[in-house]
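Chemist: Below is a structure I'd like to ask you about.
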Amino acid sequence: MTAPLRTDALAGRRTFIKTAAAAGVVLAGWKPTLGRGGVLQKLNVASIGVGGMGASDLAQIASHPEVVITGLCDTDANNLGKAGNLHPDARKFADGREMFSAMDDEFDAVSITTPDHMHAIYAMMAMNEGKHVYCQKPLAWSVHENRALARAAAANPDLATQMGTQNASRPMKQRCMKFIKDGNLGKIKEIHAWSDRPIWPQGNPRPKGTDPVPASLSWDLWLGVAPERPYKNGAYHGFNWRGVRDFGCGALGDMACHIVDAAFQPLELGDPTTVICEATDSTDDQFPSKEIVRMEIKGNRFSEGDPIPFTWYDGKLLPEPSALGLPADYQMPQNVVVIIGERGTIMVPQGGDGYAYFRRGMQRPMEMPEARGGSHWHLWVDRARGGDMPCLTPIEYGGRISETLAIGALASRYPNEKLQWDAAGMKFVGKPDADKYLTRTYRDGWQVKGL
């Protein structure tokens, strides 16, 4: 089916841009919004994963007035049918590889909202073909994938990329980040963050047996790069894959990207040097049901070179308020990050609203500075169409933070054991057994250049 609003100029747009750039042509005043000759051109977007959060991402991107949804992909025919009813002119696929091959220049950008284990291959395929990428958090499943995607994005600065931490672009979240980046907390001493997740099963062994695969589900395509395993009702597909090591990244990988960005991004935090996961029910198949993950992050100008301790709590575990410099009777909310500095402490919720500032153990009033924000999805679309406003969580950043969190998630395989991390060598010091979990061999047919 021919996509709407397509012209010859539109089909050749990326080719023209690449050719011009290679020739050193400066395209002053020309943006994809108008195209050459003033022909109105929409941003053609394909969406991979259109159920659950994927349906939300699709709706938000499609609400941009200059977007046309030209492709839809989902391994679940029910999800695909619902999305197709909303976008009847879009071409539909169960296999993302087929979509890339069949559509070629029929889309300029792709939104990826699959289970975590499938993020990297589709994001890398897109960047290899010069397509803009919106990819849900965490950016990728493994340490290796996160680093590879970040490097690919850095090598392709003309591409608009955004990790799907949608709360990061809310104005108050951006205002809190500016307050922190401007040095108002003084020398940074430590960081704590926590979540009420998991709200899905964790801490269990691999389920036994097998169930019939629903007629609507392409189970082999859903497994994708992951090792084969039998289908089990309610165990993976739909929601509970988040707690399973082959598919998700646990509560830490799932939620921390949303929460700790208020610390990691403005403070330009880098690599951890040590990590320990305190847990009691970690299994080979699933992440623990509750944990405390402690990392030491390399120091920088915000800590005056001193290492920065970072502690994560999930499964409804919480630190004592007084240990964070908060009033002893403070009612601790969920899904927040607390950044402790010599001059003050700030607590930033997931979306930024309801932040709290403390000095000398007492909550104090504090007005956040002004900062730009907006729709996370529309900022990406505008950037892809040649706008000047940068994406606020580009893949270069998303890869860095997701790599750090992937290291923390991996540590749960060795509960209560302190691991030393060599970032430059991308390995654990003196723990070669752990290095095998930094990446994995994809199943046949899923290899992608760059991964």
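Chemist: Sorting check: for 127-138, 146-157, 246-257, which peptide has the highest mean count of neighbouring beta carbons within 10 Å, and how do the rest follow? Each step should come with its number before you reach the end.
Modeler: Details: 127-138: 23.4, 146-157: 19.2, 246-257: 26.5.
Ranked by mean Cβ neighbours within 10 Å, highest first: 246-257, 127-138, 146-157.
Chemist: Per DSSP H run of at least 4 residues, take -39500 (n - 2.57); add these up for the chain, divide by its residues and hand me the 222 nm value, nearest 500 deg cm²/dmol.
Modeler: Computed mean residue ellipticity for the chain: -7500 deg cm²/dmol.
Chemist: Please report, to one decimal in angstroms, the Kirkwood hydrodynamic radius of the range 177-266 built from all distinct Cα-Cα pairs. It would help to have the intermediate numbers written out before the result.
Modeler: Working: mean 1/r = 0.0625 Å⁻¹.
Final number for the Kirkwood radius of the range 177-266 is 16.0 Å.
Chemist: A follow-up question, please. Between Asn78 and Asp388, 0.36 nm times their residue separation minus their Cα-Cα distance comes to what?
Modeler: 107.8 nm
Chemist: Take every Cα pair under 8 Å in the range 97-220 that's 6+ residues apart, average their separations, divide by the length, and report that relative contact order as a whole percent.
Modeler: 17 percent
Chemist: Nearest 20 debye, what's the magnitude of the dipole of the range 210-323 about its Cα centre given +1 on Lys and Arg Cβ and -1 on Asp and Glu Cβ?
Modeler: Using only the charged Cβ atoms, the result is roughly 200 debye.
Chemist: Additional query: What shape does the range 311-451 have by the C-alpha gyration tensor, where a ≥ b ≥ c are the square roots of the eigenvalues, rounded means a/c under 1.5, and otherwise prolate means a/b greater than b/c and oblate the rest?
Modeler: Here the range 311-451 falls in the oblate category.
Chemist: At a Förster distance of 25 Å, what's the computed FRET efficiency of Lys181 paired with Gln363, Cβ-Cβ distance as r, to 0.05?
Modeler: In this case the efficiency is close to 0.70.
Chemist: How far apart, in nm, are two points set 7 Å out from the Cα along the Cα-to-Cβ line at Asp158 and at Ser375?
Modeler: 2.7 nm
Chemist: Sort 117-124, 284-291 by the packing proxy (mean of other Cβ within 10 Å over each peptide's residues), most packed first.
Modeler: Result, highest mean Cβ count within 10 Å first: 117-124, 284-291.
Chemist: Test of understanding: ordering Thr210, Thr113 by Cβ neighbours within 10 Å, fewest first, what list do you get?
Modeler: Values: Thr210 11, Thr113 23.
With the sparsest Cβ surroundings first, the list reads Thr210, Thr113.
Chemist: Rounded, prolate or oblate for the range 261-305? Axes are the square roots of the Cα gyration tensor eigenvalues, ordered a ≥ b ≥ c, and the cut-off for rounded is a/c under 1.5.
Modeler: Details: a/c = 3.52, a/b = 2.51, b/c = 1.40.
Because a/c hits 1.5 or more and a/b exceeds b/c, the range 261-305 counts as prolate.
Chemist: Specify whether the C-alpha gyration tensor of the chain places it in the rounded, prolate or oblate class, a ≥ b ≥ c being the square roots of the eigenvalues: rounded for a/c under 1.5, otherwise prolate if a/b is larger than b/c and oblate if not.
Modeler: It comes out oblate by the Cα gyration axes.
Chemist: Around Thr311, under 13 Å between beta carbons, what's the net of Lys plus Arg minus Asp minus Glu among the other residues?
Modeler: Net charge around Thr311: -4.
Chemist: Something else: Using alpha carbons only, how many angstrom separate the centre of the range 139-213 from the centre of the range 260-302?
Modeler: 12 Å
Chemist: Considering only DSSP beta bridges with both partners in the chain, what is the antiparallel share in %, to the nearest 5?
Modeler: Bridges in the chain are about 60 percent antiparallel.
Chemist: Could I ask something else about it? Among 94-104, 430-440, what's the highest-first ranking by average C-beta atoms within 10 angstrom per residue? The partial results should precede the final answer.
Modeler: Details: 94-104: 16.9, 430-440: 13.7.
Packing order, densest peptide first, comes out as 94-104, 430-440.
Chemist: In nm, to one decimal, how far is the Asp281 label point from the Gln420 one, both placed 7 Å along Cα→Cβ?
Modeler: Label at Asp281, label at Gln420, 3.4 nm between them.
Chemist: Full extension from Asp104 to Asn300: what is 0.36 nm times the residue separation minus their Cα-Cα distance, to one decimal in nm?
Modeler: Stretched out fully, the Asp104 to Asn300 stretch lengthens by 66.2 nm.
Chemist: Defining a contact as two alpha carbons under 8 Å apart and six or more residues distant in sequence, what relative contact order in percent does the chain show?
Modeler: Relative contact order for the chain comes out at 21 percent.
Chemist: Using 1/(1 + (r/R0)^6) with R0 = 22 angstrom and r between the beta carbons of Gln334 and Glu268, what's the FRET efficiency to the nearest 0.05?
Modeler: 0.25
Chemist: Tell me the Kirkwood radius of the range 140-194: reciprocal of the mean inverse pair distance over distinct alpha-carbon atoms, in Å. Could the numbers behind the result be given before it?
Modeler: Values: mean 1/r = 0.0702 Å⁻¹.
With all distinct Cα pairs of the range 140-194 included, I get 14.3 Å.
Chemist: Within the range 326-418, which trypsin sites (Lys or Arg not before Pro) sit in a loop by DSSP and count at most 15 neighbouring Cβ atoms inside 10 Å? Before the final figure, lay out each step's value.
Modeler: Values: sites: Arg343, Arg359, Arg360, Arg372, Arg383, Arg385, Arg400, Arg413, Lys418; in loops: Arg343, Arg360, Arg372, Arg385, Arg413, Lys418.
Hits after loop and neighbour filter: Arg343, Arg360, Arg372, Lys418.
No lab work stands behind these numbers, since they all come straight from the coordinates. Note that this is a predicted model, so its numbers are computed, not measured. Neighbour counts run over all protein chains shown; Cβ positions are idealised from the backbone, glycine included.
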